[in-house]
Structure formats: C-alpha cells, structure tokens
Amino acid sequence: MKENIIDVLLYLFENYIDTEESHKPDKDALELELEQVGFQELEIHKALDWLENMTVLADQPVTQHATMRVFSDNEKERLDVECRGYLLFLEQVGVLDVETREVVIERVLALDTDEIDLDQLKWVVLMVLFYQPGREVAFAWMEDLVFEDMEAVIH
C-alpha cells in the first residue's frame, strides 16, 4: 500500500501531466482511481489539497537581487544540506528565480513528511515549475534533468 503524499503527487504527475483537458477525470473519478491503485483516502485528500494550494505567481517583472537565503530551523530539518545546495544550484543556473525558489520551499513544507530527499525535491521543483506561467524553458530543463537521473538509475 502506498503511504505518502509525494507518491500520490508523482502518480498524478506522471499519469496526467500531458493529458488533454478533455481526457482528465473529474475529482470523484480521480479519487476512486487513486483508491483502486492502493492509495489511502487521507493521503489522496492531502495530495489534492496540496495541488489546489499551488501558488501561481502573477505575470509581473521579477527583480533579481543578490540575496542570501537563510533557512529556518524547520526548513533545515526538512531539507538536508544536499537539498539546500541543490536549490542554490538551480537558482544559480537560472532554473529557479528567487520567487519560484520560495514557492518550492513552501510546497516542500506543505508535504506531510519529516524529511524530503533529493529525488523528491526534484519532483517538487518540476511540479512547481509546471504550474508557473512563463517558466516553460526552466520546466523543460528540469524535466530533462529528472528523467536523465531516472534513466541513470534504471541502466
């Protein structure tokens, strides 16, 4: 039986990300499908709430300033050094901007898990970028990175 919110989110993302709008199931059908796959009702509801609360940035000019991000104790507990370093890397190469980085951190904290690993963080970044207007290039870059990592594990 599948047990955590990120598993539900990954299932939804992998199965419905490229689906045409007319082929997407309604919420009730989706909940039923997820239950039939083996997800628990509580985790399904938490995952759907997580998606509904996805922050979408308004189309406004982004003012990038050299900033230093100081992580709170709670953030450090949930994001280890490797994850925090990866967020910094993504920001330095332009995949994340300051605002999108904050959305990623907020979405990670919204997951019902004590700690998130690097692979899970990459999927959260991918989901956040998918929902951000004007971030298509960053999404494509991140998608390539995530799927390249998956292929490396498979081979």
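The values are calculated or read from the model by the stated rules, or taken from the named source; none is laboratory data. Note that the structure is a prediction, hence the values are computed from the model and not measured. Cβ sites come from the backbone with ideal geometry, for glycine too, and all protein chains shown count toward neighbours.
Summary table below
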read-out: Lone unmet requirement of (1) under 22 Å from I17 (Cα atoms); (2) exposed (fewer than 15 other Cβ atoms within 10 Å of the Cβ); (3) at pLDDT 85 or above for A138; value: (2)
read-out: Pick from region 80-101, criterion of a type in the set (A, V, I, L, M, F, W, C) and surrounded by 16 or more Cβ atoms within 10 Å (Cβ to Cβ), ranking: nearest to W141 (Cα to Cα); value: V95
read-out: Any hit, region 112-133, residues being over 13 Å from the mean Cα position of the chain (by Cα), over 21 Å from L10 (Cβ atoms) and either hydrophobic (A, V, I, L, M, F, W, C) or modelled with pLDDT of 90 or more (or both); value: no
read-out: Selection within region 100-123 - part of a loop (DSSP other than H, G, I, E, B) and among the acidic types (D, E); value: D112, D114, E115, D117
